[in-house]
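Quick note: the coordinates plus some simple rules give every number you see, no bench work behind them. Since this is a predicted model, take the numbers as computed values, not measurements. FYI the Cβ positions are ideal-geometry reconstructions off the backbone, even for glycines, and counts take in every protein chain you see.
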Amino acid sequence: MMSNNLRPSSSTDYGHDLLFGVFVTPVAQPAMQAVELAMVADRAGLDLVTFQDHPYQPAFYDTWTLISYAASRTEHIHLSTNVLNLPLRLPTVVARSAAGLDRLSGGRVELGIGAGGFWDGVNAMGGRRLTPGQSIKALEEAIQIIREIWATDKPGGVRVDGTYYQVKGAKRGPSPAHPIQIWVGAYKPRILGMTGRVADGWLPSLFYLPDGPASLKEMNQYIDEGAAAAGREPAAIRRLLNISGQFAQTGRSFLNGPPRQWAEDLAGLTVDYGITGFILAADDPATIELFASEVVPATRELVAAERAGR
């Protein structure tokens, strides 16, 4: 497991099954690279392939176009945005796009979504510039709208009179083929609390955490408090993590060593911090295949043994 100096004073495991995936750069050149890497991950047996969403970046594909095409070229793997740039995406359209692709792909779509960032780029593309507080409120309204569009079992149209989004009787549907998970990319206390109130999962990146894995303990607490304030069980929110590292013959540091050490490091993140989704940032087929063939099964075994021994 994790080295002792990285382990928290108390352990937290929310009990979800483990998910493993890849975080592929959606480069437009070479034209098929991102799709081919999704196909590699699918053949390798991974659970998830994800793509970042920066619509103002011309070197990248439009992410929704990319996951739609990648869905048509894969068979088993789930696909997700990581994370969708809400300020340049209308929530009603996001809801219908996700539901439609979920049905067409046989229930293989999840929705990572964020409040926004890179506001100069957003504004240059015609999006409105929001403060951090405004963007969090807008995201919460958007999640409500998305869920209402999917809720075809409710009577009448969707009506949400929000500060940033107003929906005035939009027809519901289509419903997704499976319960699409909404995972929020979040780092600061206010949006972490919102994640606990309304989201299905939390999707940050390890390389953006100020104190590395140790940051997860306090961030989890904000999510747990938000969930409790909304009458939800903290365990209802899955904790995922974008990760990166290096494979080496000998162990050098966290996620820098042989596959067995990677498995021990990841199992430690599950047992100690409740992380149950690991998404590897990788654009190399050999790295993806090594992760899938050696790290994934070993991590599953370590976590299963730890849980069985409680």
Query raised in the report: What about I237, is it touching a residue at least 40 places away in the same chain (Cβ under 8 Å) and farther than 21 Å from D265 by Cβ?
Result: yes
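Listed here are the residues, each with its yes/no results for (1) touching a residue at least 40 places away in the same chain (Cβ under 8 Å); (2) hydrophobic (A, V, I, L, M, F, W, C); (3) on the phi > 0 side of the Ramachandran plot.
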site	(1), (2), (3)
R252	no, no, no
P258	no, no, no
A263	no, yes, no
L266	no, yes, no
L269	yes, yes, no
I275	yes, yes, no
L280	yes, yes, no
P285	yes, no, no
S293	yes, no, no
Report summary line: Picking from F247, F291, F207, the residue that is under 20 Å from the mean Cα position of the chain (by Cα), crowded, with 17+ Cβ neighbours inside 10 Å and under 29 Å from V40 (Cα atoms) would be F291
Query raised in the report: For segment 49-77, which residues satisfy the criterion of being more than 27 Å from A138 (Cα to Cα) and not hydroxyl-bearing (S, T, Y)?
Result: A59, A70, A71, R73, E75, H76, I77
Query raised in the report: All but one of (1) under 24 Å from R197 (Cβ atoms); (2) crowded, with 22+ Cβ neighbours inside 10 Å hold for T131; which doesn't?
Result: (2)
Query raised in the report: With segment 104-218 as the region, which helices (runs of 4 or more DSSP H) entirely inside it contain at least 2 residues that are touching a strand residue (DSSP E or B) at 6+ places or on another chain (Cβ under 6 Å), within 28 Å of A235 (Cβ to Cβ) and in contact (Cβ under 8 Å) with a residue 12 or more places away in the chain?
Result: 132-150
Query raised in the report: For M125, which of the numbered conditions (1) among the hydrophobic types (A, V, I, L, M, F, W, C); (2) crowded, with 19+ Cβ neighbours inside 10 Å; (3) within 22 Å of Q52 (Cα to Cα) fails to hold?
Result: (2)
